[in-house]
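Read the figures in this text as sums done on the coordinates, not as results from a lab. All of these numbers come straight from a predicted model, not from anything done at the bench. Cβ placement follows ideal geometry from the backbone for every residue including glycine, while neighbour counts extend to all protein chains displayed.
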Amino acid sequence: MKAFRSHFLICGGTGCHASGAVKVKQLLQEEIDKIGFSDQVKLVETGCNGFCAMGPIMVVYPEGVIYMSIKPEDVPELVHEHLVKGRVLERLLYKEPMTEQRIPTMDEIPFFALQKLIVLKNRGKIDPENIDEAIARDGYAGMAKALTEMKPDEIVKEIIDSGLRGRGGGGFPTGLKWKFCAQTPGDVKYILCNADEGDPGAFMDRSVLEGDPHAVIEGMVIAAKAIGAHQGYIYCRAEYPLAIHRMQIALDQAKEYGLLGKDILGTGFDLEIEIYQGAGAFVCGEETALMTSIEGKRGMPRPRPPFPAVSGLWGKPSVLNNVETFASVGQIIANGASWYNAIGTEKSKGTKVFALTGDVNNVGLVEVPMGTTLGQIVYDIGGGIPNGKKFKAAQLGGPSGGMIPIDYLNTPVDFEKVVELGAIMGSGGLIVLNEDKCAVDIARFFMDFCQEESCGKCTPCREGTKRMLEILTNITQGKGREGDIELLEEMAVVIKNSSLCGLGQTAPNPVLSTIRYFRDEYEAHIRDKRCKAVVCSPLFKSPCQHTCPVEMDVPAYIALIRAERFADAYKIMIKTNPFPSVCGRVCDHKCQSKCRRAGLDEPLAVKFLKRFITDNAPRPQTVPAPVTRKEKIAVVGGGPAGLTAARDLALRGYKTTVFEELSEAGGMLRWGIPAYRLPRNILAGEIQDNVAALGVEIKCNTRVGKDISFEKVDKEFDYIYLAVGAHKSQPMGIQGEDLKGVFGSVEFLRDFCTDEEAWLSGKKILGTRVAVVGGGNSAIDAARVAQRLGADVTILYRRERKDMPAEEEEILAAEEEGVRIEYLVAPTRITDKNGKVNGIACERMKFGEFDRSGRKKPVVIPGSEFTLNVDTVISAIGQAPDMTFIPKDSGLDISKWSTFVLGKGSKSQTTNPKYFAGGDALTGPDTVIGAIASGHLAAKDIDSHIREINGEPAYVEPAAEKIDIPFIIDEESEEEPQAKMPELHAKDRKRSFREVELGYKKKAAVMEACRCLRCDAEVS
Amino acid sequence: MPKISVADLKKIKERVREDNSLREGSQRVKITVHMGTCGVAAGARTVMDSLMGEITEAKVTDVVVTTSGCAGMCSKEPMVTIEMLGQEPVLYGKMDANMMRQVFKRHVLLGEVQSSFAIAKG
Amino acid sequence: MKAKARNADIDISKEFTPEQLKKVDKIIEKFKDRPGALIPVLEEAQMVLEFLPMPILKIIAGGLNLPLSQVYGVVTFYSFFTMTPRGKYTVRVCLGTACYVRGGKAIYDNIKKELNVEEGETTDDRMFTLETVRCIGACGLGPVIFVNDNVHGRLKPAKIKDVLSKYN
C-alpha cells in the first residue's frame, strides 16, 4: 500500500457542496500537483462533519487540523503554508465556538419580555393552515360562548365595557359602533373586516392574517351575532397574497367544521364570509371608500352621515372593523370585559400592536399594553438605534400621522396622548428615524404619497396636496422662499377642514408635525440653504463638506492626494481652515459621520488624510497682508476662534492685535490638549505661518483687565472681538471639593502644560492614585496625562460608555494605556485625612427615565455607596468662561452660564455694538472646528458692520489661485476598510509625551484617498 | 368532516395537545420554520428545503416539521424553533441553508445546541 | 393615480391565444350575476392575460352589462390593473417609508440606470417592467425589491446588477 505523508479530508456534504467545496477540491488538487506533492498528499472527499455553516471544511491528518470557510482564492496560500512551509494557516483554522455560551431565556430578552401578547398570542406557535392547532389554543372559545350563552345586547355590552377601541386608526369605541348598527332595523346587514393595510411601514394586520387567521374569523362571527349580520367580507389588499391564501384555507376549514356557514355550532346562527381583494388604492382603507370598492366602483369615499352603521355596503347597515380589532374580540368575550380593561390607561384599554421599523436594532411586531412609553418601545424592546446614531423622532401613524421627537420619550403611548403630540395612533406603524433623516424630506415623502393616493373627489385634497408637495419639493431643492412655512400651515388647515374622508383630513399631519417640532430645519433649508441631516442633496456638493462647520472642501483635497499634488491640497485646506495640522489631529471630524462610503464599509478617514497633507506638503510662502483700512481691531484671546478672526480681518485689510494672557497663543490647543495629541511645534508653526506672518500682532503675557486695562483697549481700538474661551472648571458641588489634592481638569492641564519640566522631573507631584470625574475629552486628557505621570488612574462616569461625550478613539487609547473606567457611578463627597484627600465616596447609578437629550437619566441606587481610595481627584465635569475681566458698566450682558449674550438679530455682535464675541466664550465648550467657524463668522460680521456704517459696498474676496481638481473615480468600489493609523505601542507611550499617532505613509494615504466615492462630482 | 359542537371544541383541543406533545419513539423533536412574508422574503423557503433534504438523508422518523407565521422579530428572520423532548425550545435566528444543516446535524441529531446562532430559549 | 397608455388598436387575436380569451369569457360567466363583480372579474382576467387592453375592457363591459366608462374608470383608478403589456419580470422597488429611510431611493435610481427605463416602462426586450410600490410589509429587510414574487432584501446599490442578472 502506498503511504501518504498527509491526508486532506474535504467535506463532501450538501452544505459544503453548496458553499463551493467542489471548486476548492479541484483547486487543491491542481495546487498540490503544481508543487509536485501529488504522491505525498491524498485528497479525499468525506461525509459531513456537521459544521455546515462554516463550510467548506477540511480536516488534515496526521495533524488533525481543521480548516474552515475555505474560499477558492485561499487555496494557494493554504497549500503553500501547510505543505511547503509546514505551518498551520491560522487564518482559516477552525475556531471552537463557545459551546458553554449561555443562551438567554425569552424573559431575559427585553424584546420578548416587555411584550404582552393578546392579538399576537399565537404568533409563531401554531400552524395557521391547521384549524385544530388554533382550537387547541382556545380558538373559537369566545365565539362558542357568545353564540350559546349570550344575547346580542350582552355581547355589545361586554365589548363596550371592555373599552376596546378601533385599532385601524380612529380609535372609535368598537362596542358603540356595534350598538348603533344593532339598533338600526333591517334584515340584511354586513360585517366587514378592513384588511387593506396601506400605511407604509405597517404590517401587523398582514402578520395576524398570515399567522392566526382564525382569530379574525372568530371576532367577525361574534360581531355578526351582535349586530345581526349574516354576510361578511374581508377586504384584503392584493399585495398580500400569502395572507389571502391562508385566510382562504382558514375560511374553508372553519366552514367544514361548521364554525362558519349555516347553523354555526348547532346554534342556528348563520354567517358566510368572503374575501374581497383590493386592487391597490390607499384610499380604500377609508371605510366608505372600501364599501364603494366592494360595490365594484372606483373606491371613493362618500359623505357621512349617513354613517355605515345606518347605511353602509349597498345601503345596508354595516360594521367595519380592522383586523387587529377583530382579533381581540374572541379573547375579550372568553375572558370577560374586566380582564381586558384592567390592561392599559384610563381611556385606552388593552394592548396595541406596533410595527416597529426604521432605524432601530430590533425590527418587528411589538404588542404592548397601552400606555407603554415611547422610550421603552424604541430602546428597551427595539434595542435602540444602530451604529451609534442618535434618535431623532418616531413617526407614528404613517402618512396620516406625525413625528414624536426626542423630548417625548417618556410619553405613555395611548390614543389621547399621541393626538396631543400631533401624531395619531393610526394602525400602529412606528418608524424610528435617526439623526441622519431630514424632517423636511420626510414631510415631502409623505406628501408625495398622499397626493398620489388622493382619489381626487375633493378639490382641496386633490389640488392642495399637489401644491403642498410642490412647496416642500422646492424647499428640499434649495428653492424655498420666506413665507413658505406659513403658506404650508395655512393650506394644511384648509385641506383638513374641507376633505370628505380621513385621507384628506389627515394628509397635512406630517407637515404640521414636522413644522411644529423641526421648524428650525425648515428655516435652515429656506434661509441658509442648509440641511442639517445632509439629505437634501441639491443644497450641497458633498455630505462631508456640508457637515463641516467651515465647509472645508474635503473631496477636493482628497482628490489631490490621489493625484499626489500635496502642495495644492494644502492650499485648498487653508482657504477655509487656518489650522489644518491641528484639525488633522484633534478635530471631532463630523464630516466622517455623514460619509456615504459608510454605507459600503467604513467612512473615509478624512481626519487622517488631512494630517497626511500637513505632514507632507511644502508650506506656501505667506506675505504680510497690506493694511488698507483705518479701523483698528483688538482680539481678546489667542485661541482658535480669536486667531481665525484675526487672520480673516488681516486679509480684509485691518490692523489687528491679539491679546493673549499666557506665554504662547493657541488657547485650549496649547494649554488644554497635551503634547502627545498635538505637538507644540506643529501648533506654533501653523500660528506663525497662517496668522502672524500676515501681519497680525500677537501680544502674549497680556491679560486684558490686568496687564492692560479693559478701558485702554476700549479706547485704542475701534472694534473688539472677545474670544476668551472657557478656561474655568465647573465645580462638582460636593463636600471636600476645596481640599488639597483636588483639581479642576482645565487648571491641572494648564498647569501641566505651563510647567511640564517641573511635573516630569518630580518637582510637582500629582499623587499615586487618581480619580478623574467626568466623561468628556477633557476628562480623558487629564486621565492620560496623569497615567503618564505614573499614577494609577480611574475615571468615574455617571452613565454608560456609549453616552460618553469623549471621542471613541480617545477612550480606547486611554484604556490601552491602562486607565480604568467605572461606569454608572457618581461621587458624593471627597474624604480626607488631616486635610489631605484620602478617598472619594461614590454611589452607583442605574437608568431611570429619558432626559431631553434622549439618554436615560442616571438615578442613584440606594445603599450603593462605596469609597475609592485615592489621593488626588480631578474634576472634569464641564467648563465655563472666566468673565471677571469684564467691568460692570461695559454694556456687555453675561448669561447665567457665564457666556456672552448676543445683540438682537446677530450671531456674533454682543449687547454692546462695539464688541463681538465667539468661540467657547459665546457657546460654552465646543470643538476646535466650531471655534474656527465662529472666528470666520465674527470677522465677516465685523467687516460688514463697518462697511455698512461707512456706507461702503460689501467685501469682495480677491480671486484666488485656480486649482484644478482632478476627477478620477473607480467604476466599481470593492469593500475595503479604512487604512489604519500607525501608532506608538501602548507600552511605549505610558511614560512618554511623544505623539501617539504617527501619521499615514504615502502609500496608505493614496490608497485611502482612492476610497472616496466623490459624492461632489456631478455625472451627467 | 362532520359539523362540530361546542363540546367537540374541547375534544379537539385535548386531542391536539396530546398529538403535539413530544414523546420517545414517535415524536422526539418538533421543528417550526417561521414562514410569514418577512421570513419567506429573508429566505425561509431555502431553509425549509435544506431541512427537508437533511431529514430525508438522515432517514429520521421521529422529527416533525411544521410551519407557522411570523415570530415577531423581523430583523432576525428567517427564524426556526427547535423543540426537543425534555428540553426547552430554542429559537434560532438569521438562518440560512447551511446553518440549518448544521443545527439539524448538531442539535437535532447530536443534542449540541448551536449557541452561536441561537436567539433565545423558553 | 398613475397615467396609463391607451391602446385601443391592439389586435387581441394576435396578442392572446383563443384559450386565454375563452377563459376570460368563463370568468365573466362565473361572476355575471354577483353584485360588485367588476373588480374580481378584472383581477382574474388580468391574471390570465397579464394586461387589460381596451378591447378586453369592451368585452368585459359587454359581458357584465356595464358602461365601458365605468370599467375604464375602475381600471385606471386602481394601481393593480394595467392596460399595457408587461415584461417577463416585474421589478417592483419598495419606496415605503422603512425602505426609503434605508436607501430605497438609491436602489431605485440604480435600477433605472441599469435597465434604462423609467417607472411604469418595460424594457425593449420585454424582459423587465419597472414599478415602484408602497410598502409590502417586509420592512425588516429594507431596502427590498420584488422581481415577480421573489423578494430581494437588505439590498445595496452595488448588488443590483447581480440580482437582475439572475433573471433571463
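Some observations on this one:
- Going from the fewest other Cβ atoms within 10 Å to the most, the residues A:ARG769, A:ARG91 appear in the order A:ARG91, A:ARG769.
- Bridging of A:LYS34 to lysines at a Cα separation below 26 Å is possible for A:LYS2, A:LYS23, A:LYS25, A:LYS42, A:LYS71, A:LYS85, once same-chain residues fewer than 8 apart are set aside.
- Under the Karplus curve 6.51 cos²θ - 1.76 cosθ + 1.60, θ = phi - 60°, whole-Hz ³J(HN,Hα) for the range A:397-406, x wherever Gly or Pro sits: x, x, x, 9, x, x, 9, 10, x, 4
- Average other protein chain Cβ within 10 Å of Cβ, residues A:193-203: 5
- Bridge type composition, the range C:89-165 - antiparallel percent by DSSP, nearest 5: 55
- Its convex hull of Cα atoms gives the range A:530-570 a direction-averaged projected area, equal to a quarter of the hull surface, of 3.1 nm².
- Which of A:PRO887, A:GLY863, A:SER908, positive extreme of dipole for the range A:838-933 (C-beta unit charges): A:SER908
- Exercise: per-residue mean of other protein chain Cβ atoms within 10 Å, B:113-119: 5
- Quick note on the range A:785-925: its Rg to Rh ratio, both from C-alpha atoms and Rh being the Kirkwood radius, is 1.08.
- The range C:89-165 - Rg and Dmax from Cα coordinates, angstrom: 11.1, 34
- Lys-Lys pairs in the range B:27-121 that are eight or more residues apart or on separate chains and whose Cα atoms lie under 15 Å of each other come to 5.
- Taking a straight line from the alpha carbon of A:LYS715, these lysines sit under 26 Å away, with near neighbours fewer than eight places off in the same chain left out: A:LYS630, A:LYS632, A:LYS655, A:LYS699, A:LYS706, A:LYS888, A:LYS904, A:LYS907, A:LYS914, A:LYS940.
- Shielding by partners, peptide A:15-22 (average Cβ within 10 angstrom, other chains): 3
- Counting neighbouring Cβ atoms within 10 Å and putting the fewest first, the residues B:MET84, A:MET220 line up as B:MET84, A:MET220.
- Magnitude of the charge dipole, chain B, Cβ model with Lys/Arg +1 and Asp/Glu -1, debye to 20: 260
- Cα point-scatterer Debye curve for the range C:4-77, base-10 log of I(q)/I(0) at q = 0.15, 0.20, 0.25 Å⁻¹: -0.44, -0.80, -1.28
- Spatially close lysines, pair count over the range C:4-77: Cα under 25 Å, gap of eight or more or interchain: 15
- Magnitude of the charge dipole for the protein assembly as shown, about its Cα centre and with charges confined to Cβ atoms of Lys, Arg (+1) and Asp, Glu (-1), is about 580 debye.
- Most positive-pole-ward Cα, C:PHE51, C:THR76, C:PHE16, against dipole of the range C:4-77 from beta carbon charges: C:THR76
- Amide H within-cut-off set for A:ARG799, under 5 Å, with H built and near neighbours excluded: A:LEU824, A:VAL825
- Estimated translational D of the range A:585-689 in µm²/s (Stokes, Kirkwood radius over Cα pairs; 4 °C; 1.567 mPa s): 81
- Taking packing as the residue-averaged number of other Cβ atoms within 10 angstrom, the listed peptides B:42-51, C:40-49, C:118-127 run from highest to lowest as B:42-51, C:40-49, C:118-127.
- Other-chain or far-sequence residues with amide H under 5 Å of A:GLU367's (modelled H): A:LYS116, A:PHE354
- When peptides A:367-378, B:63-74, A:834-845 are sorted by average Cβ neighbour count within 10 Å, with the highest value leading, the order is B:63-74, A:367-378, A:834-845.
- Hits among aspartates and glutamates - C-alpha to C-alpha of A:LYS532 under 12 Å, sequence gap 8 or more where chains match: A:GLU435, A:ASP436, A:ASP441, A:ASP520, A:GLU521, A:GLU523
- In sequence order, calculated HN-Hα J values of the range A:620-626 (Karplus, 6.51, -1.76, 1.60; Hz; x Gly/Pro): x, 6, 9, 9, x, 7, x
- All alpha carbon pair distances within the range B:27-121 were sorted into 5 Å bins beginning at 0; the resulting P(r) in whole percents reads 3, 15, 29, 28, 17, 7, 1.
- At full extension, A:GLU961 and A:GLU346 could sit 214.4 nm farther apart than now, given 0.36 nm per residue minus the alpha carbon distance.
- Charged-residue dipole, Cβ positions (Lys, Arg, Asp, Glu), the range A:187-265 about Cα centre, Debye nearest 20: 220
- Percent of Cα-Cα distances greater than 19 Å, calculated over the range A:398-526: 45
- The C-alpha atoms of chain A define a longest principal axis, and helix A:459-476 lies at about 20 degrees to it.
- The range B:1-69 versus the range A:334-369: alpha-carbon centroid distance in Å: 28
- Angstrom value of the Kirkwood radius, inverse mean 1/r, which spans all Cα pairs in the range A:766-807: 10.4
- Inter-part distance where the range A:794-838 and the range A:702-777 are each reduced to a Cα centre, Å: 20
- Projected onto planes of every orientation and averaged, the convex hull of the alpha-carbon atoms in the range A:861-917 covers 7.6 nm².
- Each of A:THR325, A:GLN248, A:GLY278 was scored by the projection of its Cα onto the charge dipole of the range A:236-327, and the greatest displacement toward the positive side belongs to A:GLY278; charges sit on the C-beta of Lys, Arg, Asp and Glu.
- Residues with amide H under 5 Å from that of A:PHE847, placed H, sequence gap 5 or more: A:VAL859
- Couplings for the range B:64-80, taken from phi via the Karplus curve 6.51 cos²θ - 1.76 cosθ + 1.60 with θ = phi - 60°, read 9, 10, 9, 10, 8, x, 4, 8, x, 9, 4, 6, 10, 5, x, 10, 9 Hz in order; Gly and Pro are left as x.
- Percent of Cα-Cα distances greater than 15 Å, calculated over the range A:891-938: 38
- Alpha-carbon Rg/Rh ratio, for the protein assembly as shown, with Rh computed the Kirkwood way: 1.01
- Distance cut-off 18 Å, percentage of C-alpha pairs in the range A:740-836 lying past it: 45
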